[in-house]
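Only the coordinates and a few stated rules stand behind these numbers; no lab work does. For clarity, every value in this text was computed on a predicted model and none was experimentally measured. Here the Cβ positions follow ideal geometry from the backbone for every residue, glycine too, while neighbour counts run over all protein chains shown.
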Amino acid sequence: MAKTTITIGSRAQAETLFTYPNDGHEAQSLEETIKHYVSDSLDREAVGSFAVAVHIKNETVTLEIEHISADIISAISKRYRKFFQLGASGHEAVQEFQKTGKWSESWKFLLPLGLPLEYAKAVEIMDFPPLSLIKKQDYLNSKTTNRWWELLTLNGVPKEELARYSCIVDIVPVAAPASDGKNLDQSGIYEGPFDSYSIPLLELFSDQSGSSDRRPLIALGLPIRKWIERLWGTSLNILDVATIKIFGTENSSVIASNHPSFFFYAASAYKGTPDADRKNLAAGLAVMKQDIVAAAWHAEIGRNPQSDPTATLAQVRNKWANRESELLELVRKQAGIPKPLAIELEIAELRDFEPTPEELQRLEMEFHEGIGVSNAE
């Protein structure tokens with residue numbers, strides 16, 4: 001067995017990096033909390049079994065990892081060391097932001113713990129993690145991720161590999177109530193205070209060891225499109241693809257998509273009118289048509305990162321064209337709407353209620369301002 005020892009830092013530093021004690025897990029020791037998250041990360045790497053041990057000696061916390069392959073241990077060691085270093089810089093940015101007086105007492109520092117870091121296939125970029133993830137002790141246990149994973153599965157990603165497609169970079173390491181989107185945005189938190197953390201994290205997560213091909217990026221939601229435009233000058237609409245250069249690295253392919261939980265809002269936004277049910281279905285279907293294509297691109301480029309992003313988009317658009325009946329059934333399933341008897345007739349009727357691009361933009365703005373965002377949890 002090959003072994004590596006990673007020094008996380010002092011006890012206080014380790015407690016910070018792992019948001020210890022986690023809400024609802026106050027009886028858990030610091031060692032148990034660290035082992036939980038690191039074991040999740042290593043299991044999700046999907047490269048065999050690891051042995052994990054956490055030690056605290058003279059107030060210094062170390063992590064020991066063993067695996068049968070010395071090459072795997074070497075790669076894991078480098079990646080995880082860098083992740084913890086970036087985590088410390090993220091907390092420093094939090095401390096500086098707190099001095100501005102714009103920090104909410106309901107917010108908590110949270111790193112993307114428990115993710116596969118070395119053998120991931122794609123990077124999802126989102127705005128912030130919901131507070132509920134701390135209590136769940138699982139960064140990937142959310143309605144947002146569960147819905148997107150169903151779309152990835154429909155595009156051929158095996159269940160055992162789903163986590164490798166969801167290496168998440170939230171552009172601020174700040175867990176907040178899921179309905180706090182507007183408050184976060186108005187605080188200026190996305191306008192630069194965390195660039196020193198989020199850009200290096202994106203570089204680390206998009207890097208594929210031993211390859212010049214970088215992992216594809218999926219920009220999920222309006223705040224991420226604004227973030228990319230601010231930093232790289234690239235304006236993206238939904239289902240636009242582009243390439244961006246992180247630091248001096250190779251180009252990374254990126255696609256702009258909706259936040260996965262925007263669908264839940266769109267499929268329930270209209271209330272109190274005779275046509276509300278049809279409008280909700282039509283809006284849900286319009287968003288689903290976009291999301292299924294983005295997820296198909298996500299899956300395909302994740303499998304083949306050397307593929308041409310524009311050609312792949314054309315390929316997956318064609319794959320999901322003219323499949324409205326299937327997609328409407330998926331809308332009903334994911335939104336919890338009962339299925340009618342005459343689905344083909346319903347599709348024809350829904351065309352009269354299809355939202356305009358301007359209506360979808362309005363709904364997306366409402367969603368990101370915090371209306372109905374509890375669906376993200």
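Observations
- Backbone amide hydrogens, once placed in the peptide plane, bring residue 9 within less than 5 Å of 61, excluding anything fewer than 5 places away on its chain.
- Antiparallel bridge percentage (DSSP; both residues within segment 163-313; nearest 5): 55 percent
- Across segment 28-35, rounded Karplus estimates of 3J(HN,Hα) from the backbone phi angles (6.51 cos²θ - 1.76 cosθ + 1.60, θ = phi - 60°) give 7, 6, 4, 4, 5, 5, 4, 4 Hz, Gly and Pro being marked x.
- When each of 135/319; 245/289; 78/182; 3/121 is checked by Cα-Cα distance, pairs over 32 Å: 135/319; 78/182
- Among 125, 246, 168, the largest mean-square fluctuation in a Gaussian network model of the chain, built with springs joining Cα atoms closer than 10 Å, belongs to 246.
- Measuring nothing but how far apart in sequence close Cα pairs (under 8 Å, 6+ apart) lie, relative to its length, segment 108-376 scores a relative contact order of 23 percent.
- J(HN,Hα) series, segment 177-187, from Karplus relation 6.51 cos²θ - 1.76 cosθ + 1.60, nearest Hz, glycine and proline x: x, 4, 8, 8, x, 5, 5, 4, 4, 5, 6
- Across segment 50-64, coupling constants 3J(HN,Hα) worked out from phi with the 6.51/-1.76/1.60 Karplus curve, θ = phi - 60°, read 10, 9, 10, 9, 10, 10, 10, 9, 6, 6, 10, 9, 10, 10, 10 Hz, and Gly and Pro carry x.
- Summary of the geometry: segment 160-226 and segment 130-151, compared by the centres of their Cα atoms, lie 15 Å apart.
- Rounded to the nearest 500, the helix-only mean residue ellipticity at 222 nm of the chain stands at -14500 deg cm²/dmol, with each DSSP H run of n ≥ 4 adding -39,500 (n - 2.57).
- Rounded to the nearest 5, the antiparallel percentage of DSSP beta bridges internal to the chain is 65%.
- Residue order, fewest to most beta carbons within 10 Å, for 79, 215: 79, 215
- Shape class of segment 176-321 from the Cα gyration tensor (axes a ≥ b ≥ c, square roots of the eigenvalues): oblate, since a/c reaches 1.5 or more and a/b does not exceed b/c.
- Taking the chain as a Gaussian network of alpha-carbon nodes connected by springs under 10 Å, the highest mean-square fluctuation of the residues 40, 291, 275 belongs to 275.
- Dipole magnitude of segment 108-376 about its Cα centre (Cβ charges: Lys, Arg +1; Asp, Glu -1), debye to nearest 20: 440 debye
- Ascending count of other beta-carbon atoms within 10 Å, so fewest first, for 77, 209: 209, 77
- For the chain, the equivalent ellipsoid built from the Cα gyration tensor has semi-axes of 36, 23, 20 Å, listed from largest to smallest.
- When 239, 184 are sorted by how many other C-beta atoms sit within 10 angstrom of their C-beta, beginning with the fewest, the order is 239, 184.
- For the residues 56, 301, 255, a GNM of the chain with alpha-carbon springs under 10 Å puts the largest fluctuation on 56.
- For the pair segment 253-273 / segment 38-87, the C-alpha centres are spaced 37 Å from each other.
- With contacts taken as Cα pairs under 8 Å at a separation of at least 6 residues, segment 40-133 carries a relative contact order of 35 percent.
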